[in-house]
Every structure is written in structure tokens, then in C-alpha cells.
Amino acid sequence: MSQSSPHDPSRGCAILYVDDEEMALKYFQRALDKEFSIYVATDANAGLDILEAHGDAIGVVVSDQRMPGLSGVELLKKVRRNWPHIVRILTTAYADLDDAIEAVNAGEIFRYITKPWETKALRAEMKQAASMFRLQQERTELIREKMSVWQRLIQLGRLRDLIVMGGSVNTLRYGDAAVAAYLQDHVTANQDDDLASSRHLDLWQLTETEISQTLSFVSQVVTRIADIANRDEPFATVINAERLQQLVADAFPNVTIADRDRVPHIRGAEPVLTRLLEELATAAGHPTDPVSIHPAHDDTAVSFSIPCAVLPTDSGLTSSDAAGLMASYLLAFHHGGRLELETSQDRRRYMVTLPADPVSAHPKPLSSGWLAPLLVRLEGWD
């Protein structure tokens, strides 16, 4: 095969020719094999097998109309359905022109060429078909790049909107830190699963759908916490180890408590703790493995270790299943504590840490640059 220039339309574009006439196959190869990689098949089924094996390399399929089994039009319909990026050409005798014209009008084929061919004209047709294939590839790549940029902007907007939401609920303390912790635990490299698919929507529909999803998520989160996060009734109840174990047992079927004598009494708002535990039980998939309670931070706080059967954000960062989990983070931080996801090869668990004195507790403020690791992960969302 001769060397092709960077602007040669034959570059990177193989041709599959399907015809039951051996002489036609040989003539086609002899006419074009100096400029193109050529695959040949003697019937439609053999052609489909070649496409299954080499479809990524093939840019043009040429098929004779009259063949045993599937006709050329029937074969090219299958090519259009399974390899829509491939340029499809029907070759036929004058007697079958009606089928060819109908196939062009229906969009099944790019064009038709009549037999017998003239070598120079056949080369020109194949170069034009290869050029069409390259143009379609370039257009697809440009659209893909444009949609990737747009999706990144939407994802950045999502992070911003969630942080703003956390800081704008004036009945909650430390809402921005809670949302940041939620994002740090649950932003993953494949987190565009719940983003509207760019294959089926234009840019404006994509944006509208994302806005709708985010608003719905925010509404669900706020609804879950609005009735209990009331700063006018601050952390007035003293909760000892026994009462704490009972509250946890109301949400989880299996509870153990370690070093009971060292577990501090905590001042708290029982409605906040109850809702926090209920939401976590749902978020963790109502685990049957034991939830453990133990002292923390030199006995100035208490921790719950909650095993996960599922992660709601496996189905999307702002999916409806994740709203309760976001509420859990907000409530834990509102109580002056923390909620963190711990992962290892064989297990995932949430660690809730609540201080004995929520009023004087101050979660660590967001440090400068905390968003950078999330943006690095965002680079994986292609």
C-alpha cells in the first residue's frame, strides 16, 4: 500500500466490500488496494462477521444488491443500526436502481454506484466516501469535546449549588462544612451517571434537566431537616450511655457499646439525633451487622461505627436516594460533630462523632484549597 498524506481521506479508513461474485471482489481490490485497506466478503453474514471483528477500523461498507440470503439493502440497514458511523454504499445493476433510490431516500445508504464500474470513477467515489467518514468523525469529536466541557461546567455548578445550599439554611450550624464533607466522601470518578445523557439531549435541555434534578434534590434535603433543625431549642437534653444506646437501637437492630463507663454524657437534641440515625439507617441499607458505640477524643465525644450495605450515591451524587444521606451530614455537623465515610477493600462504614458539648464544639473550618481534590476527580468525569 502506498504512503498516505495526513490530509489523504483514505488515511485510517478501511473499506469492506461484500459481493457474491468472485471476479467483482478481485476487480474492486485491484482498483483500490494501493490507497485503502480492503476487506472482502462473499455474503452478508460474512460481512457482518468482519464488522464485528474490525468495525472500529472500517469507514466505508460497499455492498452488492443481489446476493444469496440478505440483499445489499438489508445488509446496509443492519450496518446503519449497529455501526452508524460507517458510510454505506450500494452497488447495483441498472435493473435494480429502484431499490437503490428508495434506500437513499430512506437514509439507509449514502449513495449508490452502478455496475459495471470504471476504475477512475470508482476511486473517486471511494475517496469521497472516505472524506465523508472523516468529516463525520471530526464532527462527532467536536461535539463530544463540547459536551464534555459543558458537562464539566454543569458539574462545577452542582458543587457550587450544593455548598450554597448548605450555607443558606439558617437553622443549621456549619452547613457548608457538612456539604463539603459529603462531597469529599462521595464524589467519584464516574459521578456523571445521574447527569442527563448528552447523547440524547441538546445543551439547553441538558442544562434544564440538571437544574431540575438539583432543585428536586435540594427540596428533598430541606424537607427532611426543616422540622427538626431548630436553633431556638438548643441541645438541652443530657443523654447518658443507656439512653444513647436506646436511640441507636431504635434505628438499627444490632447495637453494641464498648467501654460503657467511659462513654460521656452528651448534651443533645433528641429529635436531631433520632432523625440523624433514621436517615443513616436508610442510607446504609439497614445493615444487620452490629453498630458499635464507643468513647472518642479522650472521652469528650462519642462515636458510632455504622456498617454500609449500600451507598446511595452509587446511584448519583444528587439522586433522590442520596437526599437522606446529605441530611445526615447536615444534622451531624449541626450537632457540632462529624460524619465520615471510611472505606477499605472489604467494607464501607460511616463514622459519626458527636461531642459531649455541642455548643462549644466547632468543627474544623474549611481550609483554603479544599475544593482542589474534588476538581481533580472531576477531570475523570469523561
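The values are calculated or read from the model by the stated rules, or taken from the named source; none is laboratory data. Small disclaimer: the values here were computed from a predicted structure and weren't measured. All Cβ positions, glycine included, derive from the backbone under ideal geometry; neighbour counts span all protein chains shown. Note: accessible area is taken over every heavy atom of the protein model, side chains too, but ligands, DNA and RNA are not part of it. Shrake-Rupley method; radii C 1.70, N 1.55, O 1.52, S 1.80 Å.
What to note about this one:
- By DSSP, the beta bridges lying fully in the chain are antiparallel in about 50 percent of cases.
- On a per residue basis, the range 15-135 carries 49 Å² of accessible surface, using protein heavy atoms and a 1.4 Å probe.
- Averaged over its residues, the range 206-274 has an accessible area of 55 Å² per residue, based on protein heavy atoms and a 1.4 Å probe.
- Remark: the Asp357-Lys78 segment gains 93.5 nm on full extension, using 0.36 nm per residue and subtracting the alpha carbon distance.
- Close Lys pairs in the chain, defined as Cα atoms under 20 Å apart and 8 or more places apart or on different chains, number 7.
- Sum of -39500 (n - 2.57) over DSSP H runs of 4+, divided by residues of the chain (222 nm, nearest 500): -15000 deg cm²/dmol
- Ligands, DNA and RNA left out, the accessible area of the chain computed with a 1.4 Å probe is 51% carbon and sulfur.
- Summing Cβ point charges (Lys, Arg +1; Asp, Glu -1) relative to the Cα centre of the chain gives a dipole of roughly 800 debye.
- The stretch between Arg111 and Ala249, if pulled fully straight at 0.36 nm per residue, gains 42.5 nm over its current Cα-Cα span.
- Counting only alpha carbon atoms, the long axis of helix 203-225 and the longest principal axis of the chain meet at about 20°.
- Potential extension, His85-Arg377 segment - 0.36 nm per residue separation minus Cα distance: 102.0 nm
- Highest-fluctuation residue, Gln151, Gln29, Gln184 considered, GNM on the chain with Cα pairs under 10 Å: Gln29
- Seen against the Cα atoms of the chain and their longest principal axis, helix 44-54 is set at about 50 degrees.
- Folded to 0 to 90 degrees: helix 119-168 orientation relative to the chain principal axis, Cα: 10
- Dipole of the chain, positive end: most advanced residue of Phe133, Val359, Thr207 [Cβ charges, Cα centre]: Phe133
- Exposure rule at most 12 other beta-carbon atoms within 10 Å, DSSP loop GluC sites (Glu not before Pro): the chain longest free segment: 119-378
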